Amino acid sequence: MISLHDVSTVFTTGDADFTAVDRVSLEIPRGSIQGIIGFSGAGKSTLLRNINLLERPTSGRVVVDGTELTALGDEELRRARHQIGMIFQHFNLLNNRTALQNVELGLKFAGVGKKERTRRAQEALAIVDIADKAGSYPARLSGGQKQRVAIARALATEPKVLLCDEPTSAVDPRTTASVLQYLSDINAQLGITTVIVTHEMNVIKAIADNVAVMEDGRLVERFDLAELERPGFEPATAIGRYLISDDIQLDRAPRGNAAQRAAGPNATEELSHA
Ligand SMILES: Nc1ncnc2c1ncn2[C@@H]1O[C@H](COP(=O)(O)OP(=O)(O)O)[C@@H](O)[C@H]1O
Ligand SMILES: [Mg+2]
């Protein structure tokens, strides 16, 4: 569903070049949940933004659902982006708009008419059980409610892909569990391919099918979460080994129990503070 071929992103500040994403190749299967984990500064957000070209890679190719985004012109890219929803750590809602208006805005940019906009925005709010807050401004919503509005906004355009940048890093563990449960249910019920960037171990374990480990801009290792159950499985990298180290309790509950798993004994365990 998503193919990254040798993607690099180099930032130039003054006369120094800095490689934030270093020749990353990654295949993300349709309908899966791909986790990307690493310490702060590893290049996770930049790589995520490379997928929808919010940050255009310096080199390499990005293919989403058979379309090479890196080959598209501005207008085509704008249209292709409606297939890709995104949510952020700090929700990125407009404070002077109600929940409903925030969700409608994305549809407006997608060229959807007013009546249809309202209907679809209400529908999207209902998916995350927050239709009753349609008329509320963000200031009146809790962190978890704001993130649900942001999820509704991302879903309203009926995307095939949902990109999540530290979606639970600004909320408490209980709210983390709830947000992950919604993301897990949305993936299962709507079949939306999901990429979730995080520095939190419990998030990966609760929700991901596969995890890619990033370090200094490079993708240093990748494995299926099911691998953790294979006797003798040993990640190749230090961060990878941290994932399965003794002091982290693994919960084998099947997907769909994300809330329960995320709220487990290690719910606040983190690799680092972003
Ligand atoms: N627009 C930018 N200009 C210059 N450097 C940047 C820019 N965006 C990110 N970086 C640098 O790239 C590195 C990776 O950043 P980021 O992708 O945000 O990492 P992460 O999300 O893993 O914390 C960091 O060192 C950051 O300072
Ligand atoms: Mg980041």
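The values are calculated or read from the model by the stated rules, or taken from the named source; none is laboratory data. Computed from a prediction, not measured in an experiment: that's the story for all the values here. All accessible areas refer to the heavy atoms of the entire protein, side chains included, with ligands and DNA or RNA removed. Shrake-Rupley method; radii C 1.70, N 1.55, O 1.52, S 1.80 Å.
Translational D (Stokes-Einstein, µm²/s) of region 117-183 at 20 °C and 1.002 mPa s when Rh comes from the Kirkwood sum over C-alpha pairs?
Numbers: Rh = 12.2 Å.
The Stokes-Einstein estimate is 176 µm²/s.
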Regression test value, accessible area per residue of region 2-262, probe 1.4 Å, units Å², expected 45
Whole-percent carbon and sulfur contribution to the accessible surface of region 2-262 (1.4 Å, no ligands, DNA or RNA) stands at 46
For residue 207 the rounded accessible area (nearest 10 Å², probe 1.4 Å, non-protein molecules ignored) is 0
Rounded to the angstrom and largest first, Cα extents along the principal axes for region 100-150 equal 30, 17, 15
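So for region 59-168, what are the equivalent ellipsoid semi-axes in whole Å, largest first, each being the square root of 5 times an eigenvalue of the Cα gyration tensor?
26, 16, 11
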At q = 0.12 Å⁻¹, the log10 of I(q)/I(0) for the chain from a Debye sum over equal Cα scatterers comes to -0.73
Here the Cα Rg-to-2.2 N^0.38 Å ratio for region 39-90 is 1.18
Full extension between residue 140 and residue 39 adds, at 0.36 nm per residue less the Cα distance, a length in nm of 33.1 nm
